[in-house]
Amino acid sequence: GNDLLASCSRDRSVILWSPSNGEMVSTCKLHGNFVSSIANLGRGLLISGSWDQKVRIIDTANGECLRKLAGHTDNIFCVIRVGKDLIASAGKDSEIRLWSVTSGRCVRTLVGHTDSVWKIC
């Protein structure tokens, strides 16, 4: 099948793997610092969050960055899919940001924590 496993690393890369044979399918080095979180968006897309303060939407077919989402002011620790066109990111700046996948814009910033936000679900 076309199933892929994705991993992210301190080496600034996102690697796509074939679970069926264990082979590396592609390596994406799109971020300027540690890649701390990834999530599957479906439709052949991944999102990644990094200590470079950016969220990226990645096309798994070619490893290219389709969108770079900027707004965080410190390291990003977590990214997730919230809905069909909505993703969320959180990090050291204590904010949770909601983003439109289609427009690449931050549609809402959730403020309430007074320190790093490590995980969201």
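The values are calculated or read from the model by the stated rules, or taken from the named source; none is laboratory data. Please read these numbers as outputs of a predicted model, since none were measured by experiment. Here the Cβ positions follow ideal geometry from the backbone for every residue, glycine too, while neighbour counts run over all protein chains shown. The area values use the complete protein model at the heavy-atom level, side chains included, leaving out ligands, DNA and RNA. Shrake-Rupley method; radii C 1.70, N 1.55, O 1.52, S 1.80 Å.
May I ask you to say which residue of D85, D74 is of a type in the set (D, E), at pLDDT 95 or above and surrounded by fewer than 17 Cβ atoms within 10 Å (Cβ to Cβ)?
D74
I'd like the full set of residues that are outside any strand (DSSP E or B), touching a residue at least 24 places away in the same chain (Cβ under 8 Å) and open to solvent by 40 Å² or more (accessible area, probe 1.4 Å), limited to the range 12-40.
Of the residues in the range 12-40, the ones outside any strand (DSSP E or B) are 12-13, 18-23, 29-34.
Cutting the leftovers down to touching a residue at least 24 places away in the same chain (Cβ under 8 Å) gives us 12, 30-31, 33-34.
R12, L30, N33, F34, listed by residue number.
Going by the conditions given, is D93 out of contact with any strand residue (DSSP E or B) (no Cβ under 7 Å at 6 or more places or on another chain), surrounded by 13 or more Cβ atoms within 10 Å (Cβ to Cβ) and at negative phi?
Working: out of contact with any strand residue (DSSP E or B) (no Cβ under 7 Å at 6 or more places or on another chain): yes; surrounded by 13 or more Cβ atoms within 10 Å (Cβ to Cβ): yes; at negative phi: yes.
Judged against the criteria, D93 is a match.
Could you list, in sequence order, the residues of the range 41-51 that are surrounded by 15 or more Cβ atoms within 10 Å (Cβ to Cβ) and within 19 Å of V101 (Cβ to Cβ)?
Keep residues of the range 41-51 that are surrounded by 15 or more Cβ atoms within 10 Å (Cβ to Cβ), which gives 41, 45-51.
L41, L45, L46, I47, S48, G49, S50 - these are the residues of the range 41-51 that are surrounded by 15 or more Cβ atoms within 10 Å (Cβ to Cβ) and within 19 Å of V101 (Cβ to Cβ).
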